[in-house]
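The values are calculated or read from the model by the stated rules, or taken from the named source; none is laboratory data. Bear in mind the structure is a predicted one, so any value in this text is a computation, not a measurement. Here the Cβ positions follow ideal geometry from the backbone for every residue, glycine too, while neighbour counts run over all protein chains shown.
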Amino acid sequence: MAFKLYHYVHCPFCVRVRMALGYLNIPYESKVLRYDDEANPKKLTGVKMLPILQFEGGAMNESLDIIKFLDKENKLKPSDKDIGPLLNELGKPIHSLAMPYWIYTPEFDQVSRDYFKNKKEMKRGPFKDLVLRKEEFIQELMPLLKKVEDDLHPFYQSASFGLNDILLAAHLWGLYIVPEFQFSEKLHTYLQSVKNICHFNYHQDFWS
Ligand SMILES: N[C@@H](CCC(=O)N[C@@H](CS)C(=O)NCC(=O)O)C(=O)O
């Protein structure tokens, strides 16, 4: 079956699908959409939300549903523990730190940057204030990251790699773009091992 993945490079929900595709060794066509492109996602699934997986005869969104659909042999066994609440907690400071930098990567031009900024500033406030508040977000993040670190054995709450590692790594990945933030050696090593296991290359679509 031929797969096409519509995604945003920065988006953690898209990154998790890219990681799963890599882990499962499933070839796919990568299609990075402009953030201000409303028409194409709506044409595919009716909503402006990525990631979208397109296949013969259909298209679907929701990253977890996509991964479940792709993982026919159940290689990525989910753990009993729902990591969703932790990801929500992490997402708040991570995204406030990362968003002002994401918009200056080659994924964006002035039009898509303004679209993203206007949309996100409605919820989070002006990006220039987010940048000024970076220490506050880093302080909020540190205890959460310590908790994550204490739970690496060497994978998240487990001796073996699983779906939760993909979900966690995809969320944490955003921090690599923040110049004032540095991962501990343990977390960096963990993220790099997830990257290798998933044959993940964050930048591949920027430079191809
Ligand atoms: N529950 C969805 C969430 C996906 C999501 O929030 N995608 C964001 C990008 S990170 C999006 O498409 N936002 C469109 C917009 O805000 O315009 C999933 O897991 O796939």
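From the list ALA2, ALA39, the lone residue that is within 14 Å of the ligand (Cβ to nearest atom), more than 17 Å from TYR202 (Cα to Cα) and over 18 Å from the mean Cα position of the chain (by Cα) is ALA39.
With respect to the conditions (1) surrounded by 16 or more Cβ atoms within 10 Å (Cβ to Cβ); (2) under 28 Å from ALA159 (Cβ atoms); (3) more than 8 Å from the ligand (Cβ to nearest atom), ILE26 falls short on a single one, namely (1).
Can you confirm whether PRO100 is part of a loop (DSSP other than H, G, I, E, B) and of a type outside the set (A, V, I, L, M, F, W, C)? Give the derivation first.
Working: part of a loop (DSSP other than H, G, I, E, B): no; of a type outside the set (A, V, I, L, M, F, W, C): yes.
Answer is no for this residue.
Hey, among the residues in the stretch 165-183 that are surrounded by 13 or more Cβ atoms within 10 Å (Cβ to Cβ) and not aliphatic (A, V, I, L, M), which one's nearest to the chain's Cα centre (by Cα)? So that I can check it myself, show each step before the final result.
Going residue by residue through the stretch 165-183, those that are surrounded by 13 or more Cβ atoms within 10 Å (Cβ to Cβ) are 165-178, 181, 183.
Now restrict to residues that are not aliphatic (A, V, I, L, M): 165, 171, 173-174, 176, 181, 183.
Values: ASP165: 12, HIS171: 5, TRP173: 7, GLY174: 7, TYR176: 12, PHE181: 17, PHE183: 17 Å.
Here the residue is HIS171.
Has the stretch 120-136 got any residue that is surrounded by fewer than 20 Cβ atoms within 10 Å (Cβ to Cβ), of a type in the set (Val, Ile, Thr) and at pLDDT 95 or above? The answer is yes, given that some residue of the stretch 120-136 is surrounded by fewer than 20 Cβ atoms within 10 Å (Cβ to Cβ), of a type in the set (Val, Ile, Thr) and at pLDDT 95 or above. The conditions of being surrounded by 13 or more Cβ atoms within 10 Å (Cβ to Cβ), out of contact with any His (no Cβ under 9 Å at 6 or more places or on another chain), under 26 Å from TYR28 (Cβ atoms) and of a type outside the set (D, E, K, R) are met by GLY162. Output yes when any residue across the stretch 1-12 is surrounded by 18 or more Cβ atoms within 10 Å (Cβ to Cβ), of a type in the set (Val, Ile, Thr) and farther than 17 Å from ALA169 by Cβ, and no when none is. The answer is no, given that none of the residues of the stretch 1-12 is surrounded by 18 or more Cβ atoms within 10 Å (Cβ to Cβ), of a type in the set (Val, Ile, Thr) and farther than 17 Å from ALA169 by Cβ. Taken over the stretch 61-93, residues that are touching a strand residue (DSSP E or B) at 6+ places or on another chain (Cβ under 8 Å) and in contact (Cβ under 8 Å) with a residue 40 or more places away in the chain amount to 4. The single condition among (1) at pLDDT below 95; (2) within 20 Å of HIS95 (Cβ to Cβ); (3) of a type outside the set (Ser, Thr, Tyr) that ASP205 does not meet is (2). Name the single residue, out of those in the stretch 56-73 being part of a strand (DSSP E or B) and more than 17 Å from the chain's Cα centre (by Cα), that is surrounded by the fewest Cβ atoms within 10 Å (Cβ to Cβ). Once the filter is applied, the top-ranked residue is GLY58.
Checking the condition buried (at least 17 other Cβ atoms within 10 Å of the Cβ), of a type outside the set (Lys, Arg) and either within 14 Å of the ligand (Cβ to nearest atom) or under 29 Å from LYS117 (Cα atoms) (or both), which residue from LEU50, LEU76 passes?
Going through LEU50, LEU76 in turn, the sole match is LEU50.
Selection within the stretch 1-38: residues that are of a type in the set (A, V, I, L, M, F, W, C) and in a loop (DSSP other than H, G, I, E, B). The member of this set that is farthest from PRO106 (Cα to Cα) is MET1. When PRO126 is tested against (1) more than 15 Å from the ligand (Cβ to nearest atom); (2) over 22 Å from VAL178 (Cα atoms), exactly one condition is not met: (2).
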